[in-house]
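Presented below is the structure to which this report refers.
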Amino acid sequence: MKPVKVIFKRDFFSRLKSPRLLVILSLCALFWSVIFINLTLTYQQSSILASQPGQTGLLNIHSQLMMSYFSWIVILLILVIPILIMGFISGERKSHTFELLMTAPIHPYQIIVGKFFAGWGLGLLLLACAFFFPMVLSFYVDMDVMAMLSSFLGFSLLVAVYVSMSLFASSLTHSPMVAVGLGFLLNLSLFLIAGFSWDATSALIADLLQQVDVMTKVNYLFMGEFHLSSIFGLFSVVVIFLFLSERMIQAERWQ
Amino acid sequence: MIEVKNVYKNYGPVEALKGVSFDLGKGHVIGLLGPNGAGKSTIMKIMTGFLPPTQGQVKIADIDIWENPVPAKQKIGYLPENPPLYESMRVYDYLKFCADLRLDHSSAERISFVVDRLGLAEVVHKRILHLSKGFKQRVGIAQAMVHNPDVLILDEPTIGLDPVQMIEIRDLILELKKDHTIFISTHILTEVEKTCDQVIIINKGQIIARESIGHLSKWKNNKRVYFTVSTKPSQDQFDLLFRKFGERVKVNGNEVSFEVKDDLENSKLSQSMIEIFGGISSMRVDDSSLEEIFVQMTSEQANETR
Ligand SMILES: Nc1ncnc2c1ncn2[C@@H]1O[C@H](COP(=O)(O)OP(=O)(O)O)[C@@H](O)[C@H]1O
Ligand SMILES: [Mg+2]
């Protein structure tokens, strides 16, 4: 357990102190703030319209406002997480510290798990930026607290999936730029899987795809529908990609 | 302490090691001498458990490094050919990280001890990025010994350093010998003579000899240093040279060469040359001695097996 903590600490805090992270966080926060303010103003207008005589009355803030904001969070995470993670393994190769880690008296899976938690920690910081604006809004209007908590949980797990995939991408290549590209494509491919699993005609394939359909699972959580099976499913996707990353760094030595 | 048994290593079609065996006892400095591409780095990567051998076995204190890597690796400190440094970290944090990675309880005393031993006190709070090459190399050695391993495996620790830094690292190795078994690779013959008790000679992936340093001189051809001067030496200059250096000097047209036993002599020689000739146009060291030794040794081996 200790090696995991040591690796986590170095990878997390060395990036926390870097100006690069600050720039990324600020840009994301700026982007999300603009989107959120825009969405809020639109929502305000439509709720004024809805409360006119003859209309149905109140709108649901979670499904009308938050769900569209969430899709903007996802869009940015898909690209930004691979950028946060890009040097995690390929950078170790460049600085020759890969040899330091692999000749230390620790198991390779401890390296991967330590790095995963460091990446997850950075991803959660990013999420904190995204959820800052809804938090502020919740002081002024009534929000569905349970749905918000469930959404945050969904996002934490989605970030975990993206981090594990980006880590895997980083383990495949020596170039940080290629790692970003691959990570981006892997993250994007989750939408394809969701699409296929809805359209699948064969029951067997549909079943199979549902197992790894991350987007549908997090969508349930975003909507406030909390299923233990979705949480379990998301975790297993994370474990699979961590396992693959560990295999990759092992395999490199056998070439 | 370390047992290397019949190790083969192929990189695809390249046979980098072809049946290497040796063992290292406790408390010696053993040099691994061989030209570039001989397989020195490869054998070290296998001994430290970084690379798996294609065939064969490495045991550290009777523990197979591939079957039981964690306890075996605890006993080793390793400086790869490129020092494995996190450039953005400060020296102290880096050493602490390395100690924590390898020990259950790392101690601040051990880190300060290593910092002192390697003369890193003045840079301990600097970022590694800002250090000179010599300091970086020392941080690399500090990293290898911070967990107080039984064995230090250093891959060409003096490569790329200037002569002063080279001598510092050599002195350091002699110091460290008290506490560790040290295994150093190099392609420079004088390097092993300065620091090692024994030398293992490797060429084209095979061990061709193992000698104590005392016996090495029988292989050793002295090196020559060649100076070119602008005009052919006059009779006076000629006499001066012979009076000063006797048999060691040879003159051939514009070229004056000396037999040397030690690289450190080179600067003294060039000084004398400048005094006598008022300047030199070029200087070159004939470094073929190692290759000559290999030719000699391999032909001798062939004779023995015949
Ligand atoms: N990763 C690699 N892939 C292919 N060939 C390699 C690799 N590493 C080393 N070699 C080859 O193996 C041989 C031994 O290399 P090395 O152990 O680095 O020698 P040395 O350290 O003695 O200079 C050389 O011919 C080198 O080209
Ligand atoms: Mg080498």
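Taking B:226, A:69, B:11, A:140 and ordering them by how much accessible surface each has at a 1.4 Å probe, largest first, produces A:140, B:11, B:226, A:69. Ratio of Rg to Rh for the range A:11-128: 1.22 [Cα atoms; Kirkwood radius as inverse mean 1/r over pairs]. Shown here for the range B:1-99: trypsin sites (Lys or Arg not before Pro) in loop regions (DSSP other than H, G, I, E, B) with at most 15 other Cβ atoms within 10 Å, namely B:26. For the protein assembly as shown, taking the reciprocal of the average inverse distance between every pair of different Cα atoms yields a Kirkwood hydrodynamic radius of 28.1 Å. Helix B:163-176 against the longest principal axis of chain B: what's the angle in degrees, Cα atoms only, rounded to the nearest 10? It works out to around 40 degrees. Of the lysine pairs in the range B:40-170, how many meet both conditions: Cα atoms under 22 Å apart, and a spacing of 8 or more in sequence or different chains? Taking the Cα cut-off of 22 Å, the pair count is 16. Count Lys and Arg as plus one, Asp and Glu as minus one, and take only other residues whose Cβ is under 11 Å from that of residue A:171; the net charge is then 0. Once the Cα gyration tensor of the range A:134-235 is diagonalised, what are the square roots of 5 times its eigenvalues, in whole Å and ordered largest first, as equivalent ellipsoid semi-axes? Values for the range A:134-235, descending: 27, 21, 11 Å.
What does DSSP give for the protein assembly as shown in terms of the percent of beta bridges that are antiparallel, rounded to the nearest 5? If we restrict to bridges inside the protein assembly as shown, about 65 percent are antiparallel. Each of residue B:228 and residue B:88 was given a label point 7 Å from its Cα along the Cα-to-Cβ line. The distance between the two points is 4.9 nm.
Taking a straight line from the alpha carbon of residue B:9, not one of the aspartates and glutamates sits under 13 Å away once near neighbours fewer than eight places off in the same chain are left out.
Over all pairs of different C-alpha atoms in the range B:222-287, the reciprocal of the mean inverse distance, the Kirkwood hydrodynamic radius, equals 11.7 Å.
Taking 0.36 nm per residue of separation and subtracting the Cα-Cα distance, full extension of the segment from residue B:283 to residue B:68 would add 72.2 nm.
What area, in nm² and to one decimal, does the C-alpha convex hull of chain A cast on average over all directions? Walk me through the numbers before you get to the answer.
Numbers: hull surface 65.8 nm².
Taking a quarter of the hull surface, the average projection is 16.5 nm².
Calculate log10 I(q)/I(0) of the range B:156-202 for q = 0.25, 0.28, 0.30, 0.32 Å⁻¹, where I(q) comes from the Debye formula with a single equal point scatterer on each Cα and nothing for solvent. Here log10 of I(q) over I(0) equals -0.99, -1.21, -1.34, -1.44. Averaged over peptide B:46-57, the number of partner chain Cβ atoms lying within 10 Å of each residue's Cβ comes to 2. Counting only DSSP H runs of at least 4 residues, each contributing -39500 (n - 2.57), and dividing by the residue count of chain B, the helix-based mean residue ellipticity at 222 nm comes to -11000 deg cm²/dmol. The GluC sites (Glu not before Pro) of the range B:63-99 that DSSP puts in a loop, and whose beta carbon has at most 11 other beta carbons within 10 Å, are B:67. A viscosity of 0.692 mPa s and a temperature of 37 °C, combined with the Kirkwood radius over Cα pairs in Stokes-Einstein, give a translational diffusion coefficient for chain B of 153 µm²/s. Apolar share of the accessible surface for chain A: 73 percent from carbon plus sulfur atoms, 1.4 Å probe.
Taking label points 7 Å from Cα along the Cα-to-Cβ direction, residue B:125 and residue A:20 give a separation of 2.7 nm.
Pairs of Lys residues in chain A that lie 8 or more places apart, or on two chains, and have C-alpha atoms under 29 angstrom apart add up to 13.
Rounded, prolate or oblate for the range A:1-49? Axes are the square roots of the Cα gyration tensor eigenvalues, ordered a ≥ b ≥ c, and the cut-off for rounded is a/c under 1.5. The shape class here is oblate.
The values are calculated or read from the model by the stated rules, or taken from the named source; none is laboratory data. Source: prediction; values computed, not measured. Ideal geometry is used to build each Cβ from the backbone, glycine not excepted, and the neighbour counts take in all protein chains shown. Only protein heavy atoms, including side chains, enter the accessible area calculation; ligands, DNA and RNA are left aside. Shrake-Rupley method; radii C 1.70, N 1.55, O 1.52, S 1.80 Å.
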